[in-house]
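Quick notes on the structure that follows.
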Amino acid sequence: MSTFNDFKISKQLHNAIDDLGFVTPTPIQSEAFSVVLSGKDMVGIAQTGTGKTLAYMLPILQDLSFSKEPVLRVLVLVPTRELVLQVVEEIEKFSKYLTHKVVGVYGGTNINTQKKELAEGADVIVATPGRFYDLTLSRIIQLKTVRKLVIDEVDVMLDLGFRFQLTNIFDLLPDRRQNIMFSATMTEDVDALINDFFIKPTKISIALSGTPLDNISQQAYCVPNFYTKVNLLAHLLKDKETYSKVLVFVSNKRSADRLFEALEELYGDESCVIHSNKTQNYRIRSINQFDEGKNRILVATDVMARGLDLDKITHVVNFDTPGYPENYMHRIGRTGRAEQKGASLLFYTEKEEGAKAAIETLMSYQIPLLEMPSEIEVSKRLTPQEQPEVVEINNPHKPAVLETKGASFHEKSEKNSKENLGGSYRRKIESKYKKPKTRGDKNYNKRNKRK
Ligand code: AMP
């Protein structure tokens, strides 16, 4: 689709877009429009800056009927307060000639002021999950009229530990609703959330080029385990001239901490780390020190490193092999920017060979393999994840059934397909207020005597 005229949108929306000076829809806008309008669940893989706010808001606003009094029909959840403000501002621009009321809700401010604002009603709420959930418990917000749920930057949200709040909110929303979600990267957590709560979503991915960039050299090492990878990395980093600005990627914060600890022993304050459990100040300091060249090694998780505008990175080290091939493309794209030469190294274990093959298929390129230098000591030390599985004492042939993600997720999806009786909501209310919020709950005292 080449212009906004190809979209079937109202005059009011057209005028607002004209006022903004937008001429052509971005790729995500072109692709998402008909899907969102169809009412189907949708998952979009797109980064900030791709125009995704308009991609979901344009069809939503087109579909949002006029209402004399504000009636909450659209809920947009985002991970941070800054994003709430930004998204509210954008939506207000798009709905300049419409009468819908948009309200932003976020933590860290006076909840009573927000309650007052919400008491006057809203058609669209943009919120961070924690504060939004608190407000729903105080019954200020009625959710039964919500028809569209948008979750933006879901990868960041899950990385910040919001899964619990999100699922609580899902529990309160009407079953008959459209779910729309955006994530910059695919992670296991994101995948799990989609499988649990989305119904056959249409996936839209802004085609990430699978062609390796010519100016990035790629090489791979087959390494037996985590601590041998540490030894190999430490060995390579001895060459300070070649490895002068190295971004090391790991897939989760546990590995990030483990690796950083090991590097700190060897390279002291030459290294720094960022992941979502670090405070904002700590992260900013690390990024600045790395960018200014005070630290030459930065360990980062995929989610946290995205959006960083770092210059002149000599090497990207894939300390583990991303399970989603697109993440590899994102990672290596951090080096070799602006016509400079860059280099990428991939460390993979035998277990990660499948993931490496998927990356190579995406790129139609076989990453050249390097021999591990003979002086690298093969470590016998294993991380808890690398330890052999626990086996039941009485049954040595059957691995112990640990409480795996799979089991509870399965349960969730089943539950999700049933009618939602609001059980978790009631329990939450009870535990929060120590008394039932439903009048006439005769069994309340009985239940509590028994406790
Ligand atoms: P977003 O990815 O939603 O954060 O949008 C990134 C920026 O692109 C925002 O400043 C939007 O106002 C702008 N933008 C969105 N859609 C378009 C478009 N079709 N043409 C030009 N700019 C756009």
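The values are calculated or read from the model by the stated rules, or taken from the named source; none is laboratory data. None of these values were measured; they are calculated from a predicted model. When we count neighbours, we look across all protein chains shown, and the Cβ atoms used for this are built from the backbone with ideal geometry, even at glycine. Side chains are part of the model used for accessible areas, which takes the heavy atoms of the whole protein and leaves out ligands, DNA and RNA. Shrake-Rupley method; radii C 1.70, N 1.55, O 1.52, S 1.80 Å.
With Rh defined as the Kirkwood radius, the inverse of the mean 1/r over Cα pairs, the Rg/Rh of the range 1-119 is 0.96. From the Kirkwood radius over Cα pairs of the range 4-205, Stokes-Einstein at 20 °C and 1.002 mPa s returns a whole-number translational diffusion coefficient of 126 µm²/s. Near residue 203, the amide H atoms lying under 5 Å from its own belong to 43; only residues 5 or more places off or on other chains count, and H is placed 1.01 Å from N.
Summary of packing: across the peptides 165-175, 112-122, the per-residue average of other C-beta atoms within 10 Å ranks them, highest first, as 165-175, 112-122.
Within the range 33-168, count lysine pairs with alpha carbon atoms under 23 angstrom apart where the residues are 8 or more positions apart or belong to different chains. Taking the Cα cut-off of 23 Å, the pair count is 24.
How much area per residue is accessible in the range 216-370 when the probe is 1.4 Å and only protein heavy atoms are counted (Å²)?
Roughly 44 Å² per residue, with all protein chains present.
For the set 42, 186, solvent exposure ranked by accessible area (probe 1.4 Å, protein chains only) runs largest to smallest as 186, 42.
Normalising by residue count, the range 314-381 has a Cα convex hull of 113 Å³ per residue. Name the shape class, rounded, prolate or oblate, that the alpha-carbon gyration tensor gives for the range 62-176, where a ≥ b ≥ c are the square roots of its eigenvalues, rounded holds for a/c under 1.5, and otherwise prolate holds if a/b is larger than b/c and oblate otherwise. It comes out rounded by the Cα gyration axes. Here the peptides 135-142, 262-269 are ranked by packing, the mean other Cβ count within 10 Å, and the order with the highest first is 135-142, 262-269.
If you model the range 122-250 as an ellipsoid using its alpha carbon gyration tensor, with each semi-axis the square root of five times an eigenvalue, the axes come out at 42, 18, 14 Å, biggest first.
If r is the Cβ-Cβ distance from residue 371 to residue 340 and R0 is 35 Å, what FRET efficiency results, to the nearest 0.05?
0.80
In order along the range 79-84, the phi-based Karplus estimate (6.51 cos²θ - 1.76 cosθ + 1.60, θ = phi - 60°) of 3J(HN,Hα) comes to x, 10, 4, 4, 5, 4 Hz; Gly and Pro are listed as x.
Across the range 216-370, the convex hull enclosing all Cα atoms gives 104 Å³ per residue. Using alpha-carbon positions, what is the distance between the centroids of the range 152-172 and the range 49-104, in Å? If you average the Cα positions of each part, the centres end up 19 Å apart.
Amide H contacts of residue 337: 312, 313, each under 5 Å away and 5 or more positions distant or on a separate chain (H built 1.01 Å from N in the peptide plane; Pro and chain starts excluded). Packing order of peptides 151-159, 27-35, highest average first: 151-159, 27-35 (average count of other Cβ atoms within 10 Å over each peptide's residues). On the beta carbon distance between residue 244 and residue 11, with R0 = 51 Å, the FRET formula returns roughly 0.35.
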